[in-house]
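The structure under discussion appears below in the form of structure tokens.
The values are calculated or read from the model by the stated rules, or taken from the named source; none is laboratory data. None of these values were measured; they are calculated from a predicted model. Please note: Cβ atoms are built from the backbone with ideal geometry, for glycine as well, and neighbour counts cover all protein chains shown. With ligands, DNA and RNA removed, areas are computed over all heavy atoms of the protein, side chains included. Shrake-Rupley method; radii C 1.70, N 1.55, O 1.52, S 1.80 Å.
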Amino acid sequence: MKVFGYIPKDTPVHKLTGASKLILTFALSIAAMITFDTRFMLFVIVISFVLFSISGIRFSDFKAILALLILFMIVNNIAIFLFAPEQGVLIYGTRHEIMHITGRYSVTSEQLFYQLNVTLKYFAIVPVALVFFLTTEPGEFASSLNTIKAHYKVAYAVSLSLRYIPDIQRSYREISQAQQARGINISKKASIRARIAGILTILFPLVFSSLDKVELISNAMELRGFGRLNKRTWYSTRPFTVWDYIITGFSILCILLSVFTIIINGGRFYNPFV
């Protein structure tokens, strides 16, 4: 099963340059982070769903990441309520209690609304980032980073990391199959303790084999003189098209809209309780 990586398709989103998609991802992420306006975040979420639809990405392509995201959001919301059960009341300045639990813990409309906005931030930022990663070839991703003035060494390191993820997955499967052929059971039929022990027997060879590959790649790059010059050209760089300029302009507009919500709300938070 492929957990994460570039998915080649012939869609309008794939045809956009990596630079314009990266600018859109950064712009929507920054815009969603600087405001707690529920209306604006719903707008960004709609954009993300539209991008998913146009890009042809299937649920099976990112379901593992989605499961981790949902788990993290649940843990984060529980932690927020445990450590700051009155945070929404402090932010919005009113208190509408729905149910008292115990001690200082009460369920209020303000707290629920605040945690709803926190959750919406994840749905506003993560999907558009997934669209970018799943529709941008790693080499073009590196050139995109370099286009926005990131040093090419950093850009190339990120590109290598993305290219290496499928290799790690393949190595894991190969080592897992070899260990199972030796009688180590890590299937769902085994106990949790046995499965953890079996996975550990896979991780250690995986780590050492990965370190060997890293050393091999670094030696090959050093022999080819990588890093000797201050600049480099990119084979996968593409010129901007009309749609790339439209996406870039839309990215700027989203940031301006986010700033505008702060102005009309008198702060970062949209308050429906006043």
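Assorted remarks:
- The set of residues from the stretch 93-123 being more than 30 Å from PHE49 (Cα to Cα) and buried (at least 17 other Cβ atoms within 10 Å of the Cβ) comprises just one member, THR108.
- Filtered by the rule that a residue be at pLDDT below 75 and not in a helix (DSSP H, G or I), the stretch 146-177 gives ILE148, LYS149, ALA150.
- Answer residue from the stretch 246-267, given it is small (Gly, Ala, Ser) and on the phi < 0 side of the Ramachandran plot and is most open to solvent (accessible area, probe 1.4 Å) among those: GLY249
- Candidates PHE36, PHE43 - the one that is in contact with a Gly (Cβ under 9 Å, 6 or more places away or on another chain), open to solvent by 10 Å² or more (accessible area, probe 1.4 Å) and either closer than 27 Å to GLU110 by Cβ or among the hydroxyl-bearing types (Ser, Thr, Tyr) (or both): PHE36
- Flag for ILE165 being touching a Phe, Trp or Tyr at 6+ places or on another chain (Cβ under 7 Å), free of Cβ contacts under 8 Å to residues at least 40 places away in the same chain and on the phi < 0 side of the Ramachandran plot: no
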